[in-house]
Amino acid sequence: DGATPLLVACAKGHDGVARLLLRAGANINQATLRWLHVGDGVALPPGTTPLSLARERSAAGEAPEGSAPNLILLASQPWSPETHPLRSASARARAVELVRVGHLLSTSGASLNPGIRTWLRSRAGRAFWLRVMSYVDMSAP
């Protein structure tokens, strides 16, 4: 039926389970194939994804900070220090490697002129690396 543990966790408000599933790499875009009854008279139509349900709950004011819908919405955003803990282990490791590359570039000076090295150490340089990482596909192994 296409129901995933993450969708059920979001529908039933199991915040801790949602956090664990996101960290394990759960797909926020996997859709249900048919109606899914989640209890208490609530049924989700075909095509519902954890992300679409989270957006619906947020629009209804039902996604407080730390809730399953809120966590899913955060996980849908580009990488940032705030979303880092919601990524899978492989994505977190990749992010750390990218930050290390940035650090090595800023401190090595092997082929960098002093102006670039200084810039990479600056607030703008750190912002640059955060921006670069937001475009990296963190779901890739």
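Below is a table of values for the structure above.
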{"quantity": "Unmet requirement for Pro50, which otherwise passes all of (1) of a type outside the set (S, T, N, Q); (2) modelled with pLDDT of 95 or more; (3) open to solvent by 60 Å² or more (accessible area, probe 1.4 Å)", "calculated": "(3)"}
{"quantity": "Any hit, segment 54-61, residues being farther than 30 Å from Ser122 by Cα, open to solvent by less than 50 Å² (accessible area, probe 1.4 Å) and within 19 Å of the chain's Cα centre (by Cα)", "calculated": "yes"}
{"quantity": "Test for Ala24: is it closer than 23 Å to Arg92 by Cβ, modelled with pLDDT under 95 and open to solvent by less than 90 Å² (accessible area, probe 1.4 Å)", "calculated": "yes"}
{"quantity": "Every residue from segment 79-132 that is touching a Phe, Trp or Tyr at 6+ places or on another chain (Cβ under 8 Å), open to solvent by less than 50 Å² (accessible area, probe 1.4 Å) and at pLDDT below 80", "calculated": "Ala95, Leu98, Gly102, Leu120, Gly125"}
{"quantity": "Given (1) touching a residue at least 12 places away in the same chain (Cβ under 8 Å); (2) open to solvent by 30 Å² or more (accessible area, probe 1.4 Å); (3) over 30 Å from Ser122 (Cα atoms); (4) among the hydrophobic types (A, V, I, L, M, F, W, C), index of the condition Leu36 fails", "calculated": "(2)"}
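The values are calculated or read from the model by the stated rules, or taken from the named source; none is laboratory data. Nothing here was measured: the structure is a model prediction, and the numbers come from that model. Ideal geometry is used to build each Cβ from the backbone, glycine not excepted, and the neighbour counts take in all protein chains shown. Accessible surface is based on the protein model in full, side chains and every heavy atom, while ligands, DNA and RNA are left aside. Shrake-Rupley method; radii C 1.70, N 1.55, O 1.52, S 1.80 Å.
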